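Structure, as structure tokens:
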Amino acid sequence: MNLLLCVITPFLGAALVAAVARLGTWQAAAAAAGVTLAAGAWLAPLVGGTFQGTTLIERYTWMPREGLDLTFRLDGFGLLFALMILGIGLLVILYARWYFSPQDRLGRFYTGMMLFMGSMLGVVLSENLIQLLIFWELTSLSSFLLISYWQQRTEARQGARMALTVTGMGGLALLGGILLLGQITGSYDLSVVLAAGDQVRAHPLYLPTLLLILLGAFTKSAQFPFHFWLPNAMAAPTPVSAYLHSATMVKAGVFLLARLFPTLSGTPEWTWIVSLTGLTTLLIGAVFALFKHDLKGLLAYSTISHLGLITLLFGLGTPLAALAGVFHIINHATFKASLFMAAGIIDHETGTRDMRRINGMWGVMPYTATLAMVAAAAMAGVPLFNGFLSKEMFFTETLGTVAQLRFGWLLPLTAIVAGIFAVAYSLRFIHDVFFNGAPIDLPRTPHEPSRWMRLPVEVLVALCLLVGMLPALTVEPLLAIAARGVLQGPLPPHSIAIWHGFTPALWMSLIALTGGVLVYEGRRPLFALAARLEGRLEARRPYDWLVAGVFGVARWVTVRLDLASLQRMLFLFVLSALALGMAGFWSAPMPLTGAGPLLPFDPVSLLVALGLAACTASVVVLHRSRLIALILLGAVGLIVSLIFAKFSAPDLALTQLSVEVVTIVLLLLALYFLPQSTPAESSRPRQVRDLLLALAAGGGNAALAWAVLTRPAESIADWFLTHSLPGGGGANVVNVILVDFRGFDTLGEITVLALAGLGIYAMLDGLRLPAPAADAQGRAWDPDAHPLIMASLVRLLLPLALLVAVYILLRGHQLPGGGFIAGLVTAVALIMQYLANGVAWTRARLPANLHPLIAAGLLIATMTGLGSLALGYPFLTSSFVHFHWALVGDFELASAMAFDLGVYLVVVGATLLILIHLGLVHDLSRPPAEEPR
Amino acid sequence: MPFNSANLLPILPEIAILITAAVVLVVDLYLKEKDKGVNHVLALIGLLVAFVLTGLVGGGERVLAFDGNVVRDLMSDLLKAGALIVSALTLVYARPWLKDRNLLAGEFYVLSLCAVLGMLVMISANTFLTLYLGLELLALSLYALVAFDRDSKLGSEAAMKYFVLGALGSGLLLYGISMIYGATGSIELGAVARAVAEQGSGNKVLVFGVAFLVIGIGFKFGAVPFHMWVPDIYEGAPTPVAMFLGSAPKIAAFAMIVRLLVEGLNALHTDWQGMLAILAVLSIGLGNVAAIAQSNIKRMFGYSTISHVGFIFLGLLAGSTQGYASAMFYTLTYALMAAGAFGILTILSREGFDAQNLEDLKGLNERDPWYAAMMALLMFSAAGVPPTVGFMGKLLVLEAVVRVDMVWLALVAVFFSIIGAFYYLRVVKFIYFDQPTTAVPIVTTGGVRAAMTVNGLAILFLGLFPAALLGLCQAAFP
């Protein structure tokens, strides 16, 4: 329970601090300190056990089915980090109380700090790697809040964004790595992963796993080439830098390296990638640090350099190097935090961080100067200070490679060069700030800071000294358990002492010290050189380029693929569909023609098919002249009805025929309002392109249809054929299907038809469209709109047509026909009266209100259905009886016929409604023409 | 065969929505202009009733009704509940926007309710026919909704494009369905599954059928290369419609893909897995990359949707129960996220002004810190940053993919997510770091604020405690 509470306390504390901050700054600081102490208190009872070498694991169910539990782990290494986080955190809280000015909102700072502390504790105390990653990302988020604390400053915003972008993306890479690790080992539990080192290293996925995890660790720990975000994050308030950028957050990366050391290390890949990265970072950081005029900039690059050193140590892969790495983590945290705090004091007192202006502070604040000098000496690796001890171990380790590798001697050489620069920049920090003449034009008059502001620095510097002089008494036990936690095994023989005799490492230290002094002496020409190169070696350049590049790619993609034009969308759509279809074909080639029997072939069919193809093609070619295209379309419809007839489907042929007539009339009515031809919009190449695509897609469809049709299929026709007469009482199967087997569908369809008619009526009622007064050539319309001969003939035709309709309706159940066709025939007959005789004439003789007709049709159809329901049968069950009439013979009366009557009425009503009102638009749109006599 | 009224039990939620739509349609005729809010209340009540009914008839064994046309199982329960909740949220967000523009008409609610009905029918479907009915009801309602603001040229253009492409997409889906029907002789998914298992991928007609089904599904989801409509429609449609269209229908589309591919054509898994993999990679890639270049935030959301669809496909193509459950979790939480993100846009809009450029989010923190925090949460979630639910969704999906040894897919997804994180963070930057471009205060109603609070905090809460929802998702795929 304790570990969970330890991690949660700061999160809950954040809310507390935010609430308390309203009372005042002191209260906020006290609350933050209290929360930190409370978190520490949960940990305290466990310290004893950890020092005895036990690893404590706490498990809480979270997502049991996914095998993800909230699991915490405390071993020596975790404890070391937890202590650093809490201890330095406490000091920073105290320090920050004095650092910020009264107008800064301290509540926000402390809240962010608590969130960060909780996240960081979560990282170091997690047993589950996914959980570790969650906390890892949380550190990025909370550090974003802290770095952007002074959000009114541009550089703070940029720095925070950059830090978040780089570390957040690194976190996603880490997610990938952890997923792979989980896949390899079968578990996300650190205990399992740590024990599965051999399995992981031998796995084919080892390299991607390693790369992804290293990407996460390197971005977090500001390793080359991702180091640029750290100096930019220096826009943060100094307490934040002291905490995040020296002791904790940037250490999360090396923490991860150390944590997974037993699993991932020991391969050439690990050694090469990790140690080369570390080495480069070490050198670059050290060199750049010397040339930074900004106090915090110098410290930032120095931090980068030291992080490189630690990375390099883990990269070497030997247990002793790992131990040295852990040791340097401790030392660096103490001296760098105190240096940042000292820098903060100087910034706070002088109002600037420019080392060219801050000079001679020794005279003003000798006490602070002493503290800073001790810490800087530790950073330079001067004997008697803690930095010396770990650095000496580092030098020893670098010498180990000389014999192993061909160019192994390069490593100690680079280490010495980096050491020289480290001494030089430490010297610069001391000499420039505290001596070197008088201060230049400072914004404020500096003096010693308050007692309490110095206290945290004092504590840390005391630690530097104690560890530096009495390592065996102070740091050794903690280091031992921490290193054991890292190595997951026995410690290598080692001795941490100030004096080991005149070893090669000591000589290297001495060379570095002397060299450093010499370099600093000769700094003026170097600075001049650096000033000339300024900006050219700016490390954020690649980042900026990368961002610009991504933007460029994004724009390019958008321009190419973000199509506003529907035609191009359709082109792409059809092309993609075609490609996917083709892929299906090529992946599994099959014979195009199936095994089914083919129908006999006759010349008439061929002729019909050719005619159909010719008409269709002509429609496409001539579609710009609308009238011609429409006529051709009518021809296509007629041929189709012929084809229906050929396949013995007279019902369909009849329906197609009547529908065709009605549609063409409808289209003609609409055509009146449109120009005679469609303008050409596509260019010739585009037409060719579209043609090719259409041919390909159509060809594909045809091939598929051919393939499907030539395969033997079980037809459902037989069922209907056998059941039509006994079940529905009709010999005309199509009609029985419509009114009986699928009666429900038909009821739905006529309802839709009725609604469509009403809808079109609602839209057209009273509509006036500007219609052309003359045709395209400017000729007036024929004044004789209703020629007498035609009018008379059509009037004669009406009774005949109606008779045919009734005939078709009545015979429908047994022979080709039915309500639908009859309805269409009637409608055509009536509409012809309108066309030939004019609206006024027809209206005088026919009821204009068609709504009752439609309603009656629907009512009859529904009543037929309800009737069967009332008699205890399912809805729309049909029954039939046979009568024997004299003269006429046997006559069947089926309830389905009533239903058919309903269909008939609705079709007539709706079709007429639509056509008449389309026609009325014409009349409303132009001056009334002469009526026929 | 006499009708058994027990058939009606599983579709009680659908019936409730249908009745509500009908009631709103009629009541609206008698409402004065100032009382149009009654429609809103009625619609919400209807959604609530449907939600309660979903809970009442839900749970327990799988039930088939209407001769196997309709199914009620744990998956349909959860998806229906999700669709109803998200739809209710979008209606709440939409109201002030519509009111400001005199668009608070009954038609909006009728169309929305019809769309919800379509979604529920899709979710309940157990035959191709029912599924298609639901799909078309949804699509037709959406076409009309996109053109809802008749004075907007952009809206009409978007609706036209949506309609033409949608008809093509539906056509291809039907084409695929017809082939599968031809090969299996049934439209009922259970029977199809049995027939397909018997024939396997030996029957090439089936393979083609699957290809066209995937195209249709890809279109409905907006997966690359069938995505072209998404950015245009998101940009052109009125914000509330884009919000509605971008959230709950994804849940219904998920039901569609599961019913068709997983329940119906599981035996052809290897065939559709490859196709989905292509669509997923293209979607994640293009969606994330193109989103960066957008300055219109609605368009950016459009591309963002495309990339999220890729993730949903990733979970599905894994083909394991874990993958399906992860994809379901992802879909549900994504719908919530999308509703919230668009909701913020409606909140930022006011009479005569539509928030739709990234710039319009500038300085939101100064104008309203609470909404700023909610939007930041939503954006972090969309980027997949822990501890929000977006991270959980990505994690679960990626894990499922890695488990079935498709490591490269996971790596590609991670790579593009890293790029994708960029544009979400840019939104956060605008919210927190930039100065507001306008001094007009943000006016919202208490209801909107409450809904947004619930929405935003749910994103956080589900990320911290995903087990409950995930458990439900996993129970749906035993």
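Observations on the structure shown:
- Chymotrypsin sites (Phe, Trp or Tyr not before Pro) within segment B:1-66, DSSP loop, no more than 16 other Cβ atoms inside 10 Å: B:3, B:30
- Listed values for segment A:684-689 are Karplus-derived 3J(HN,Hα) couplings in whole Hz (6.51 cos²θ - 1.76 cosθ + 1.60, θ = phi - 60°), namely 4, x, 5, 4, 4, 4, and x replaces Gly and Pro.
- Restriction of the trypsin sites (Lys or Arg not before Pro) in segment A:427-497 to DSSP coil positions whose beta-carbon has at most 14 other beta-carbons within 10 angstrom yields A:444.
- By the count of other C-beta atoms within 10 Å, a proxy for reagent exposure, A:288, A:585 are ordered fewest to most as A:585, A:288.
- Cβ charges +1 (Lys, Arg) and -1 (Asp, Glu), total dipole of chain A, debye: 2640 debye
- Couplings 3J(HN,Hα) for segment B:29-36, derived from phi with the Karplus relation 6.51 cos²θ - 1.76 cosθ + 1.60 (θ = phi - 60°), are 4, 9, 8, 6, 4, 6, 9, 4 Hz, where x marks Gly and Pro.
- Exposed loop sites here are GluC sites (Glu not before Pro) assigned a DSSP state other than H, G, I, E or B and surrounded by at most 16 other beta carbons within 10 Å; excluding them, the longest clear run of chain A is A:1-533.
- Per-residue Karplus couplings for segment B:75-84, computed as 6.51 cos²θ - 1.76 cosθ + 1.60 with θ equal to phi - 60°, are listed in order as 5, 5, 4, 5, 5, 4, 4, x, 4, 5 Hz, Gly and Pro entered as x.
- Shape analysis of chain B yields a ratio of the Cα radius of gyration to the Kirkwood radius, Rg/Rh, of 0.95.
- Residues with amide H under 5 Å from that of residue A:266, placed H, sequence gap 5 or more: A:271
- Placed amide H near residue A:126: partners under 5 Å, 5+ positions off or other chain: A:73
- Computed label-point distance, nm, for sites residue A:645 and residue A:407 using a 7 Å Cα→Cβ extension: 9.1 nm
- Given R0 = 41 Å, the distance between the Cβ atoms of residue A:497 and residue A:198 translates into a calculated FRET efficiency of 0.70.
- Spin-label zone in segment A:494-518 - amide nitrogen under 14 Å from a point set 7 Å from the Cα of residue A:384 along the C-beta vector: A:498-499
- Once exposed loop trypsin sites (Lys or Arg not before Pro) are cut out (DSSP; at most 14 other Cβ, 10 Å), longest piece of chain B: B:151-478
- Between the amide H of residue A:498 and any residue lying 5 or more places away or on another chain, no distance stays under 5 Å, with hydrogens modeled in the peptide plane.
- Computed FRET value (nearest 0.05) for residue A:709 with residue A:777, which takes r as the C-beta separation and R₀ as 51 Å: 0.60
- Trypsin sites (Lys or Arg not before Pro) restricted to segment A:578-679 and DSSP loop, no more than 15 other C-beta within 10 Å: A:624
- Theoretical FRET efficiency, 1/(1+(r/R0)^6), r = Cβ-Cβ of residue A:922 and residue A:608, R0 25 Å, to 0.05: 0.10
- Too-long pairs where the Cα-Cα distance tops 24 Å, listed order kept, from B:298/B:429; B:161/B:394; B:80/B:204: B:161/B:394; B:80/B:204
- In this simple spin-label approximation, residue B:370 and residue A:272 carry label points 7 Å from Cα along the Cα→Cβ vector, and these lie 5.8 nm apart.
- Taking other Cβ atoms within 10 Å as a rough exposure proxy, A:859, A:80 sort from fewest to most as A:859, A:80.
- Label-point gap, in nm, between residue A:546 and residue A:518 - each point 7 angstrom along Cα→Cβ: 3.8 nm
- Considering helices alone, the calculated mean residue ellipticity of chain A at 222 nm is -23500 deg cm²/dmol, with DSSP H runs of length four and up weighted by -39500 (n - 2.57) and normalised per residue.
Bear in mind these aren't lab numbers, they're just calculated from the coordinates by the rules spelled out. Predicted model, so just to flag it, every value in this text is computed and none were measured. With ideal geometry, Cβ positions are generated from the backbone for all residues, glycine too; neighbour counts draw on all protein chains shown.
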